[in-house]
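Heads up, the thing below is written out as structure tokens.
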Amino acid sequence: MKVAHSHTYEKVILTIELAGFAVLLAVLWLDEYLDVPFRFLGAPKTPLRPQEFWFEAITTVLVASAVIAATLWVFRRLRILKSFIQVCAWCRKVNLDDDWISFEQYLQRELDMRSSHGICPTCRANATKRGTDPRPPMAQTTTL
């Protein structure tokens, strides 16, 4: 069983996005109901227009929903790409954090599994046709 990796960077990024959109909604509210530009920046007084605030707020929520949905889609794609195991095409070693280890070591480290070796029926048949010993090379030299 693979140990679940925590995706804290995803939570941090989503929190930042949500906080940013919450701040934007707060600024919209402050601009409309407290008239911040008039009170603090010396701008001309503007009349209260709640319809404008709600239009801007709903638009902001829709944009926030689209941005968050796109972010979640990207995270899902990244998880899929991270789930691939990079295997050397020549020696079949596995790349684990820039350390090339045997497949058996990979199973032990990542999945806490031990492996056993055998021969599939196709390889046994091919070895028998060629007239070679179907046992692995180490088993051929070992005598009991």
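Here residue 72 meets the list (1) under 27 Å from residue 99 (Cβ atoms); (2) without any contact (Cβ under 8 Å) to a residue 60 or more places away in the chain almost entirely, failing just condition (1). Just one of the listed residues (71, 46) is of a type in the set (Ser, Thr, Tyr) and either over 25 Å from residue 14 (Cα atoms) or modelled with pLDDT under 90 (or both), namely 46.
Test residue 59 against the criterion of being farther than 28 Å from residue 9 by Cα, polar (S, T, N, Q) and in a helix (DSSP H, G or I), and give yes or no. When the stated conditions are applied, residue 59 does not pass them. For the stretch 83-119, the tally of residues that are assigned to a helix (DSSP H, G or I) and without any contact (Cβ under 8 Å) to a residue 12 or more places away in the chain stands at 4. Quick check on the stretch 36-45. Is at least one of its residues surrounded by 14 or more Cβ atoms within 10 Å (Cβ to Cβ) and farther than 30 Å from residue 107 by Cβ? The answer is yes, given that some residue of the stretch 36-45 is surrounded by 14 or more Cβ atoms within 10 Å (Cβ to Cβ) and farther than 30 Å from residue 107 by Cβ.
The values are calculated or read from the model by the stated rules, or taken from the named source; none is laboratory data. Treat the numbers as computed from the prediction; the structure is a model and nothing was measured. Using ideal geometry, Cβ is built from the backbone for each residue, glycine included, and neighbour counts are taken over all protein chains shown.
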